[in-house]
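> Structure in structure tokens, see below.
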Amino acid sequence: MLKNDWFIMCSEVIGEFKSVTKRFGTIVALDGLSLKICRGINGLIGPNGVGKTTAIRLSLGLIKPSAGNAELFGFDCWNKSNDIRSKVGVLYEKFAFYDHLSGLEQLKLMTKLKGVSVSLVEIKELLKLVELDASAHNRRISGYSAGMRQRLGLAQALLGSPELVFLDEPTSNLDPLNRAKILELISFLNKEQDISFLISSHILSELEKICDNFILINKGKLLRQGTLEQMFDKSDITTFIVKVQPAESVEALLKNEEYVETLSIIDNSLHVAVRDAELFKRRLPLLISQAGASLDEMGIVKPDLEAVFKSAVEEVQKN
Ligand SMILES: Nc1ncnc2c1ncn2[C@@H]1O[C@H](COP(=O)(O)OP(=O)(O)OP(=O)(O)O)[C@@H](O)[C@H]1O
Ligand SMILES: [Mg+2]
């Protein structure tokens with residue numbers, strides 16, 4: 001089921017895609033995609049190859065939509081890309097540096113190419129902010145580790161005080177500790193400097209912690225958009241933990257129930273993921289009595305973004 005009528009709790013809409021289609025030859029990368037980018041931290045999620053990077057490149061005016069239009073800050077992304085570029089920063093999925101330059105030289109060069117005025121002191125402050133050691137500033141980028149390159153990429157995206165920063169897989173090369181630090185930094189920049197972000201990532205547990213607005217796309221189309229709560233509300237899979245004795249006899253009966261997705265016994269409790277929570281709640285007393293069992297306790301596990309993602313994508317794949 002496609003949820004087009006999604007109500008978005010956006011404090012301020014700073015970008016919008018209106019039925020954007022992008023074709024590369026016969027490949028349809030975006031297929032009438034409509035979405036809103038909010039002031040704050042936006043998480044762009046979806047399986048591999050569904051158009052996330054294409055949507056980011058289109059927002060930056062690097063590619064022209066085949067149909068529909070995209071706007072950022074009220075400017076058309078294709079026709080007014082120059083007005084947009086001074087307001088945005090980007091960390092590309094596969095970013096390349098001038099490897100023979102030092103980190104400091106790379107940022108000085110990018111300052112010129114971007115046409116922004118950033119002093120040497122400000123560049124060094126940025127490098128400090130992303131925790132790129134002073135000892136690395138004058139070393140060639142070719143000798144940087146993957147994590148150091150990622151940090152330099154983030155510093156580059158922040159050059160010239162952008163209002164909105166696109167981060168395509170910003171933590172993909174980082175170990176868990178460094179990933180956590182980058183996420184903290186993104187939150188800090190949003191709160192303290194009012195910089196908005198659009199982050200594409202497959203690490204949903206991380207996005208869940210920092211994003212205000214989520215955009216879930218599949219095959220170039222919007223599936224769901226909204227706050228974390230709104231994403232959950234529309235989740236069709238609910239997991240219940242049922243403390244029942246004996247759990248095995250109720251489990252055996254639940255196996256035949258059509259709306260049950262997964263079933264397991266953990267620490268003597270039944271963990272039941274169901275597609276229709278109301279029907280499950282109505283049927284459970286009957287099944288417990290049929291099994292001659294007794295109910296001690298029942299609770300709901302709040303689904304995580306991963307579960308929402310899985311059920312939403314599987315649902316359209318079935319149709
Ligand atoms: N320049 C291009 N030429 C041809 N096809 C392209 C081009 N760019 C993207 N595509 C195709 O468009 C579709 C969407 O690609 P895109 O890179 O936007 O996906 P994605 O959601 O970012 O995937 P991932 O999660 O793997 O990064 C894919 O089928 C891809 O092969
Ligand atoms: Mg991508």
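> Suppose only helical runs count, i.e. DSSP H with n ≥ 4. What mean residue ellipticity at 222 nm does that imply for the chain under -39500 (n - 2.57) per run, divided by all residues and rounded to the nearest 500 deg cm²/dmol?
Estimated from H runs of four or more residues: -11000 deg cm²/dmol.
> Could you tell me the relative contact order of the chain? Use alpha-carbon pairs under 8 Å, at least six residues apart, and round to a whole percent.
Answer for the chain is 20 percent.
> Right, something else. Which value, in debye to the nearest 20, gives the size of the charge dipole of the stretch 238-302 about its Cα centre, when Lys and Arg are +1 and Asp and Glu are -1 at the Cβ?
140 debye
> Would you work out if the stretch 238-302 is rounded, prolate or oblate? Take a ≥ b ≥ c from the square roots of the eigenvalues of the alpha-carbon gyration tensor; rounded if a/c is under 1.5, else prolate when a/b is larger than b/c, oblate otherwise.
rounded
> Got a sec? Charge dipole of the chain, +1 on Cβ for Lys and Arg, -1 for Asp and Glu; which of Q290, Y98, I203 is way out at the positive end?
Toward the positive end, the furthest listed residue is Y98.
> Between D133 and T262, what is the label-point separation in nm under the 7 Å Cα-to-beta-carbon projection?
Reported label-point gap for T262 and D133 is 4.1 nm.
> Then there is this: Using modelled amide H (1.01 Å from N, peptide plane; none on Pro or chain starts), what sits under 5 Å from the amide H of F197, excluding residues fewer than 5 places away?
G40, I41, N42, V165
> Under a cut-off of 15 Å between alpha-carbon atoms, report the aspartates and glutamates in cross-link reach of K80, not counting same-chain residues fewer than 8 places apart.
E16, E71
> Using amide H atoms built in the peptide plane, which far-off residues or other-chain residues are under 5 Å from E93 H to H?
Distant-sequence amide H within range of E93: D168.
> Something else: What is the count of Lys pairs in the stretch 148-281 whose alpha carbons sit under 16 Å apart, if the two are 8 or more places apart or on different chains?
Total qualifying Lys-Lys pairs in the stretch 148-281 comes to 5.
> First select every other residue whose beta carbon is under 12 angstrom from the beta carbon of R151; then total the charges, Lys and Arg +1, Asp and Glu -1.
Local charge sum for R151: +2.
> Taking the chain as a Gaussian network, where each spring joins two C-alpha atoms under 10 Å apart, which residue of G292, G32, G61 fluctuates the most?
G292
> Taking a Cβ-Cβ separation under 4.7 Å as the criterion for a possible partner, which cysteines of the chain have none?
C77, C211
> With θ set to phi - 60°, apply the Karplus curve 6.51 cos²θ - 1.76 cosθ + 1.60 along the stretch 163-174 and write out the HN-Hα couplings as whole Hz, x wherever there is a Gly or Pro.
Along the stretch 163-174, the couplings run 8, 9, 10, 8, 10, 9, 6, x, 10, 4, 9, 9 Hz.
> I would also like to ask the following. Say we join alpha carbon atoms closer than 10 Å with springs in a Gaussian network model of the chain; which of D83, D194, D175 then has the biggest fluctuation?
With Cα springs under 10 Å in the chain, the top fluctuation among D83, D194, D175 is at D175.
> For the stretch 48-104, state which trypsin sites (Lys or Arg not before Pro) are in a DSSP loop and have at most 12 other beta carbons lying within 10 Å of their beta carbon.
Those that pass, being in a loop and sparsely packed, are K94.
> Related question: Just to confirm the number: angle between the C-alpha axis of helix 103-114 and the first principal axis of the chain, 0 to 90 degrees, nearest 10?
Around 80 degrees separate the two axes.
> Next up: Rounded to the nearest 5, what % of DSSP beta bridges with both residues in the stretch 13-233 are antiparallel?
Close to 55 percent.
> Here's a follow-up. Is the shape of the chain best called rounded, prolate or oblate, per the rule: a/c under 1.5 gives rounded, else a/b larger than b/c gives prolate, else oblate, with a ≥ b ≥ c the square roots of the Cα gyration tensor eigenvalues?
Cα axes put the chain in the prolate bin.
> Using each residue's phi in the stretch 281-290, evaluate 6.51 cos²θ - 1.76 cosθ + 1.60 at θ = phi - 60° and report the 3J(HN,Hα) Karplus result to the nearest Hz, with x for Gly and Pro.
Karplus-based 3J(HN,Hα) across the stretch 281-290 equals 5, 6, 7, 4, x, 5, 5, 4, 5, 4 Hz.
> For the stretch 250-258, what does the Karplus curve 6.51 cos²θ - 1.76 cosθ + 1.60, with θ = phi - 60°, yield as ³J(HN,Hα) per residue in whole Hz, taken in order and with x for Gly and Pro?
Each residue's phi maps through the Karplus curve to give 6, 4, 4, 6, 5, 4, 8, 7, 5 Hz.
> At what distance in nm do the modelled label points of H100 and K209 sit from each other, each positioned 7 Å from its Cα along Cα→Cβ?
Each label point lies 7 Å from its Cα, and together they span 4.1 nm.
Read-outs throughout are calculated quantities, based only on the coordinates presented, and are distinct from any laboratory measurement. What you see is a predicted model, and the numbers here were worked out from it, not measured in a lab. Quick reminder, even Gly has a Cβ in these numbers, built from the backbone with ideal geometry, and neighbours come from all protein chains shown.
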